[in-house]
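As structure tokens, the structure follows; a few thoughts come after it.
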Amino acid sequence: MSERPIGMFDSGFGGLTVARALIDLLPMEHLVYVGDTGRYPYGPRPLGEVRSFARQIARWLVDEHDIKLLVVACNNASAAALEILRAELDIPVVGVIEPGVRSLLLATTERRVGVIATVGTVASGAYQQAVATIAGDDVDLTCAACPGFVEFVERGETEGDQVLVLAERLLAPIVDAKVDALLLGCTHYPYLARTISDVVGRDVVLVSSADETAFDVHALLHDSELARHDGAGEHRFFSSGEVTWFRDLGQRLLGPEIRDVQPVRWESP
């Protein structure tokens, strides 16, 4: 069991922030990553459609790669399908929403917090529910949808005047709310952290769910004796879109671990 890989997926490149944290924290673990770039972005899609994508990818990772644990490294997919995947699969399933909220609540001192995410994630209410469950009425939460951020990251445009102008418009509710901690509620958004910080102010703590998610995976593996203890892990990457683009941009975002990207094609879910 311990020799089986960890499986993870995202609509594209955003989940590489979680992959980076996992590789750094668990260097001996094998990893299989799916970037569903042929169908990105998930944000504007109905949650039911995202749910069907998530179930399809999860089943492929189980059937084709015999994974021992699944990381849903996508906020939209976590909001749409996390509980269904936990019910359907006989392996542990980890999402990114609850770990991110825990980090956010640890970061705030003024108890005024913000979450920025895709339209679909904000509309799902997943973050609102998670904050209410963990903190109750103890914090003031402001959520803002940021359509367009994912597309900038997917094009490799993480800085510049265009993304700054968009950020100033979309983050206005966050600035007005005077939050002291802001959760980047999409795994793509850490790549825009410098621009986001310029807009909301350097005194606002930016929180990413990647590290906390990796800690959850670490705990699960060691508590269940599924952890691999010897040798360096192997990392395999798949894309449902253009594999050369995924490799080239992925190397810039993740690092040299992406040496080769293999194609994957889906039947209609």
Hey, residue 200 at pLDDT 95 or above, in the same structural domain as residue 152 (by TED's automatic domain parsing) and either under 22 Å from the mean Cα position of the chain (by Cα) or on the phi > 0 side of the Ramachandran plot (or both) or not: yes
Some residue of the range 163-181 being closer than 30 Å to residue 70 by Cα and either touching a Ser or Thr at 6+ places or on another chain (Cβ under 6 Å) or not assigned by TED's automatic domain parsing to the domain that holds residue 103 (or both): yes
Test: residue in the range 139-151 that is without any contact (Cβ under 8 Å) to a residue 40 or more places away in the chain, hydroxyl-bearing (Ser, Thr, Tyr) and outside any strand (DSSP E or B): no
Meets criteria (crowded, with 24+ Cβ neighbours inside 10 Å and not aliphatic (A, V, I, L, M)) for residue 43: yes
Residue that is nearest to residue 6 (Cα to Cα), among those in the range 223-242 that are hydrophobic (A, V, I, L, M, F, W, C) and within 20 Å of the chain's Cα centre (by Cα): 237
Strands (runs of 3 or more DSSP E) contained entirely in the range 168-259, each with at least 3 residues that are closer than 23 Å to residue 103 by Cβ: 181-184, 205-207
Residue match in the range 109-116 (condition: among the basic types (Lys, Arg) and touching a strand residue (DSSP E or B) at 6+ places or on another chain (Cβ under 6 Å)): yes
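The values are calculated or read from the model by the stated rules, or taken from the named source; none is laboratory data. This is a predicted model, so every value here is computed, not measured. Cβ: placed from backbone, ideal geometry, glycine included. Neighbour counts: every protein chain shown.
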